[in-house]
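Here is the structure we will look at, set down as structure tokens.
Here, each number is a calculation from the coordinates, and none is a lab measurement. Not measured: the values here are computed from a predicted model. Neighbour counts run over all protein chains shown; Cβ positions are idealised from the backbone, glycine included.
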Amino acid sequence: MKALAAMLIVVGLGLVGCGEGGGNEAAPNPFLEDQSNLGKQDSQYMNPDGIEVEVDLEGDVDAPSYRKGDAPAVLGQFALTYLRKQGDFYLESLAEDASSGNRVEWRVDGTWLTAQQAEGVSDDKLVHFRIRGVNSVLLHGASDGVTEGKLFMAKVPKKPFSIMSDAGDKCADHDSHMELDQSVYWYMWNPERSGCKAELQQDLLITVSRMLPSGKVTYPEYDQLVADGKVTAVVLFGKIGDGDIDTDTGMYGLKEMASWLKEAKFTEIQNPPVGRRFSKKIVGVDLEIDLYSPRDFAGLSDMGNFDNFERALREHEIVTYDGHSMLGASDFWERPNYPDFYQIFLYGGCLGYEYYVAPILKGKGGWEKLDIMSSVVEVSVGANEFAGPFLAKLAWALEHGNSVSWRDMLIAVRKRVGDSTFGVSGVRENCYSPTGTLCGAEEEEPGTTDEKRFEVKPNLSIPDADEAGVTSTVEVPDDAFAARVTLELDITHTYVGDLRISLEHDGIETVVWDNAGSYGSGIVESFTLDDFAGKQVKGLWTLKVRDTWQADAGVLNKWALVLAFPSAE
């Protein structure tokens, strides 16, 4: 599975109950700021990124027979609210899994049965349940030392379907955007309020059932983004407030973004199909950004302008949406026919990870052509505060050999927003890197099936902030010409953006890593080196690894030279 974050779609949703963001004070223009990857100067403010895991939820329920099937997912929603209010544990929404036949299981007479298997069981035996494989994000201290089997707990009501009549408003936090009733009680749930006397079940158990990979440096699929010579974007500024649309925060956001683009020398194109269009050529690539106003699409309940919403998803490589998330109840992300090209959704609204990663993934049919950047908490900033720096960083990447990793993108956004609540899904298996594919060896060229591999394991510490770095050599005895030369690297380092790595042979030196990426566990990658194709391979090959910044250290564990020769046949 490709787990958590290209046509690019930037989506920013403001959940009912979230801050409206995007006030009327002028913000600095990110397109005019220096977007260089400046190492740790850009990231000292950051909190720990956290990790994504899969968990199983297990607990009891007391519910009417006709609601037993819904009860596990409903209690999962109460757990979602309880945990997110603790500030470091975020569950995906289970609202769409109320009747899951396989994910939900019931403990009956000592045996676990799936919901499908339990359909004929007397409902008085359906009192203990579990939900398997729920995606979760652990931030800050919650992620420290987590391994499979780690237990967490959440306080949830024993009788979720009568909580309003049983507890009144004593176990719920007030929200200025909605009135409390039974249907939204889970969203306002707070069993730790003074005066709350709701009957709680024994703590809902949450067990980490699967650790997901982390630490690999990956990139947006730039090659797919620019394949046609154009990267297209749309920003959907939805209606945020309750007043007049012309003075709405969404209108202000559109005007601010338009002014930023003009200051950054984008040209406004006349008479676009919808909204306003701006374009700028960057190193042979047209970066085109459309801006839709709240009149073009107001939000996830605006059926009258659904065609504009679908157009945004169907036609653009970058879509930014800023509006209400409807407590996850809108089906707008399930309705469109999604295109078959690579897309990135930047989803900066409230509980975007919990609510809308799943339906977007379903619409795209998998992670192969999809990355999603989303937030797990109630973000109070407007779309410009995350879309602006992202788009500005993208423009910088187009000018600098696509050397901006996903981690670099998150740094740019978090620097502007000021927290580490954004993460990206679907990128762990991305193939693109500025130095070659991350997805293993390329297909063999005709007649180049014979290979020789030369590996060394120097286990050398890389000196910190030392331009001399370390060197390691391989001696090739073959008097021959290689059709293809591949370098395999295995380096441990806590900040790979510090590293500059090159390979030298017979007077030719090629740089394979030039301060790319940022935080990570290291570099375990293969690089095809075109500079050496067709060259004589006999002699000494020298790998140089240099650490150009202070405060992070690493080790050159091992490396290998793989030479492909023309077949003898």
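The table below gives the values:
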| read-out | value |
| --- | --- |
| Inter-probe distance in nm under a simple model that places probes 7 Å from Cα toward Cβ, at Ala533 and Cys439 | 1.9 |
| Length-normalised contact order for segment 272-333 - Cα pairs under 8 Å, 6+ apart - percent | 26 |
| Relative contact order of segment 51-211, pairs being alpha-carbon contacts under 8 Å that are 6 or more residues apart, as % | 36 |
| Lysines whose Cα lies under 29 Å from that of Lys197, excluding same-chain neighbours fewer than 8 positions away | Lys68, Lys85, Lys125, Lys155, Lys158, Lys159, Lys170 |
| Footprinting exposure proxy for Val156, Val146 (fewest neighbouring C-beta atoms within 10 Å first) | Val146, Val156 |
| Rounded Å value of the spacing that divides the Cα centres of segment 272-339 and segment 189-260 | 15 |
| Computed E for Gln550/Ile282 - FRET, C-beta separation, R0 45 angstrom, nearest 0.05 | 0.85 |
| Length-normalised contact order for segment 450-565 - Cα pairs under 8 Å, 6+ apart - percent | 49 |
| For segment 51-211: rounded, prolate or oblate by the Cα gyration tensor [a/c cutoff 1.5] | oblate |
| Charge tally in the Cβ shell below 14 Å around Trp541, where Lys, Arg are +1 and Asp, Glu are -1, Trp541 excluded | -3 |
| Dipole magnitude of segment 51-211, debye to nearest 20 (Cβ charges: Lys/Arg +1, Asp/Glu -1, about Cα centre) | 220 |
| Partners for Lys393 among lysines (Cα-Cα distance below 22 Å; same-chain residues under 8 apart left out) | Lys40, Lys216, Lys230, Lys255, Lys262, Lys265, Lys280, Lys281, Lys369, Lys415 |
